[in-house]
Amino acid sequence: MAARGAGAGTTAGTAAAGGPATSFQRKAAAGGSRLSALPGTRPSARHGQLLLSSGLPSLDAVLGGGLAVGTLLLIEEDKYAVYSNLLFKYFLAEGVVCGHDLFVASAMEPPDNILKKLPAPLLDDAHRNELREEATPAKSEDSQDSMKIAWRYENLPKMEASPTTSTKFGHYYDISKTMSPELLQSIKRHSFYLPEELSLEPKLKTWNMNCGYASLLHSIQRVICQEGFDGSHPQKKQKNILRIGIQSMGSLLWGDDICSSDTPEDIHSLTKFLYVLRGLLRKSLSACIITVPSHLIQNKAIMERVTNLSDMVVGLESFIGSERETNPLYKDYHGLLHVHQIPRLNSLICDVSDTKDLAFRLKRKQFTIERLHLPPDLSDTVSRSSKQDLAESAKLLSSGCGAMAIGKKHLDF
């Protein structure tokens with residue numbers, strides 16, 4: 001009772017002095033500050049989850065600020081896997097610059113070859129000025145056409161496309177140059193090359209999935225537990241983030257047959273792999289990006305399950321080899337970006353983007369995601385041609401109705 005009285009007196013004294021009315025202290029603040037001190041991360045203002053950059057600031061804006069720690073980003077590859085591999089390299093390059101550990105898995109090429117082709121970061125003002133000069137002509141063209149664009153498009157905020165403004169989260173990269181070997185050697189990396197792994201280990205089929213997926217899960221679990229990324233157990237070493245990148249899951253190179261026919265023999269290997277992988281990610285300081293050739297998967301039910309088992313799903317539709325490549329309406333873009341799924345983290349609703357019309361373009365030194373809008377002059381010509389088509393169709397319809405009326409009159413007679 002004496003201790004309680006003393007505490008009450010202290011509380012009353014502080015309240016009378018204008019201080020806090022209670023001696024309660026938030027112990028979670030210290031833990032949160034330690035987590036937010038992890039390199040290359042920041043807490044989300046919306047749901048409090050730790051975020052890390054995807055390596056592309058415009059993609060971070062589409063995903064609600066970045067990738068949350070413990071989540072999975074699925075990228076549906078374009079037809080020739082040109083732009084999806086570029087996003088894959090952006091994610092890994094951001095991990096190198098932030099000092100994160102990397103886990104790179106592939107069945108197509110050795111992970112060391114992938115890391116050697118990572119874009120060079122723009123860490124000094126000289127390179128930023130070069131990229132700013134490249135983006136200046138596009139800005140001047142936009143200013144000239146600003147009076148021609150309709151009023152409902154003119155006031156829309158634009159996606160961040162170039163490093164003209166300073167940012168403390170995420171970095172910019174020059175895709176015309178590769179990252180220096182000294183910078184790659186400064187981080188710890190783990191690789192998984194399927195042909196080598198299957199030659200070293202026996203082909204065992206566990207968890208009712210093929211041996212390639214099972215071996216990959218064992219490797220990821222071993223790295224998470226042994227390298228101190230398991231958040232469910234206290235670790236003695238300094239905490240860090242593990243970035244996991246898996247290339248072209250579901251393809252025939254992984255021993256999966258979902259791309260070979262509409263009714264594959266083993267349709268549950270990929271979905272079971274994603275189910276177990278998400279469990280590993282949820283209890284670890286890690287984030288994962290996976291590319292999937294969705295255009296080759298004939299069974300759409302499998303793709304729906306894969307989407308439901310992912311946290312974020314982004315699709316890339318390239319114009320290469322299609323009619324839109326020569327269409328003047330899309331002359332400023334190289335493809336469309338489709339956001340299929342955004343996670344609901346610690347909230348009932350997700351961070352929905354204010355627009356769904358997104359496109360991407362590949363410049364000489366950078367890859368950008370922008371809002372899609374039709375050129376003003378072409379849109380006017382399209383509207384005029386559509387009006388003419390409607391007028392001609394109305395004439396044909398009226399003449400057809402008149403012919404039907406005459407025919408009916410003759411029949412009645």
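The numbers here are math on the coordinates, done by the rules we state, and not lab data. Treat the numbers as computed from the prediction; the structure is a model and nothing was measured. Counting neighbours? That spans all protein chains shown, and the Cβs are built from the backbone with ideal geometry, glycine included.
Dipole size in debye (nearest 20) for region 217-345 around its Cα centre, Lys and Arg Cβ +1, Asp and Glu Cβ -1? Dipole about the Cα centre, nearest 20: 920 debye.
Subtracting the Cα-Cα distance of Leu183 and Leu198 from their residue separation scaled by 0.36 nm leaves 2.4 nm. Pairs from the table (Lys300/Lys363; Lys116/Lys365; Lys116/Lys300) lying more than 29 angstrom apart at Cα are Lys300/Lys363; Lys116/Lys300. Multiplying the residue separation of Ala45 and Gln226 by 0.36 nm and removing their Cα-Cα distance gives an extension gain of 62.0 nm. Here region 168-202 is scanned for amide nitrogen atoms under 18 Å from the site 7 Å beyond the Cα of His218 along Cα-to-Cβ, giving 191-202. Taking the Cα centre of region 45-102 as origin and assigning +1 to Lys and Arg Cβ atoms and -1 to Asp and Glu Cβ atoms, the resulting dipole is close to 100 debye.
Taking packing as the residue-averaged number of other Cβ atoms within 10 angstrom, the listed peptides 263-272, 181-190 run from highest to lowest as 263-272, 181-190. Database remark: amide H of Lys188 closer than 5 angstrom to the amide H of Leu102 (H placed geometrically; neighbours at sequence offset of 5 or more, or on other chains; Pro and chain starts carry no H). Residues in region 192-198 carry Karplus couplings, in order, of 9, 10, 4, x, 6, 5, 6 Hz; the curve used is 6.51 cos²θ - 1.76 cosθ + 1.60 with θ = phi - 60°, and Gly or Pro positions show x.
Once the C-beta distance of His373 and Val82 is scaled by a Förster radius of 30 Å, the resulting FRET efficiency is 0.80 to the nearest 0.05. Net length available on complete extension from Glu265 to Glu325 is 17.9 nm, with 0.36 nm assigned per residue and the Cα-Cα distance removed. The distance separating the Cα centre of region 40-109 from that of region 254-286 comes to 20 Å.
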